[in-house]
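Structure, as C-alpha cells:
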Amino acid sequence: MKQFIYTIKDELGLHARPAGLLVKKAGSFKSNIQITKGTKSADGKRILAIMGLGIKQNEQITVTVEGEDEKQAALELEEFFKSNL
C-alpha cells in the first residue's frame with residue numbers, strides 16, 4: 001500500500017474538470033485508488049464519488065493506492081495533483 005497527503009491549491013477546489021482528468025488517470029492503473037477527506041472516502045475511479053467529497057481549496061486529502069502497480073500509480077497521481085490541483 002502506498003499513500004500520500006496533498007493540500008488542494010486550486011481556488012475552485014477539486015471541481016468537475018480536474019476530477020474528470022483524475023478519474024481518467026486513475027483508470028489507467030490496475031490498483032485500487034481511494035481518496036479520503038476527513039472521515040469520507042471515495043473510489044478514485046468514480047467521478048461522482050469524488051465530487052461528492054466536496055473538496056475545496058486548502059483542504060487536505062489522503063490518496064491511498066493498493067495493488068500490483070501501486071508504486072507507479074502513487075508516483076504518477078502525486079505528480080498529477082501537483083500539476084493540476
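Computed from the coordinates by the stated procedures, all read-outs in this text should not be read as laboratory data. No experiment lies behind these values; they were computed from the predicted model shown. As a convention, Cβ positions derive from the backbone with ideal geometry for all residues, glycine included, and neighbour counts pool all protein chains shown.
Once you have the Kirkwood Rh of the chain from its Cα pairs, apply Stokes-Einstein at 37 °C and 0.692 mPa s and quote D in µm²/s. Walk me through the numbers before you get to the answer.
Values: Rh = 12.4 Å.
My calculation gives 265 µm²/s for D.
Among Met1, Met51, rank each residue by its count of other Cβ atoms within 10 Å, from fewest to most, as a rough exposure measure. Don't skip to the end; give the middle numbers.
Numbers: Met1 11, Met51 16.
Exposure proxy ranking, most exposed first: Met1, Met51.
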Open item on the list: Apply the Karplus curve 6.51 cos²θ - 1.76 cosθ + 1.60, θ = phi - 60°, to the phi angles in region 42-53 and return the couplings in whole Hz, x for Gly and Pro.
Closed with: 9, 5, x, 9, 10, 4, 5, 5, 5, 4, x, 6
Task: Sequence-separation-based contact order of the chain, relative, with Cα cut under 8 Å and 6+ spacing, percent - done: 46 percent
Task: Cα-based helix-to-principal-axis angle, 16-27 vs the chain, degrees rounded to 10 - done: 10 degrees
- [ ] Taking the chain as the reference, fit the longest principal axis to its C-alpha atoms, fit the long axis of helix 70-84 to the helix C-alpha atoms, and give the angle between the two in degrees, 0 to 90, nearest 10.
- [x] 20 degrees
Open item on the list: Which lysines, if any, have their Cα less than 16 Å from the Cα of Lys2, not counting same-chain residues under 8 positions apart?
Closed with: Lys30, Lys71
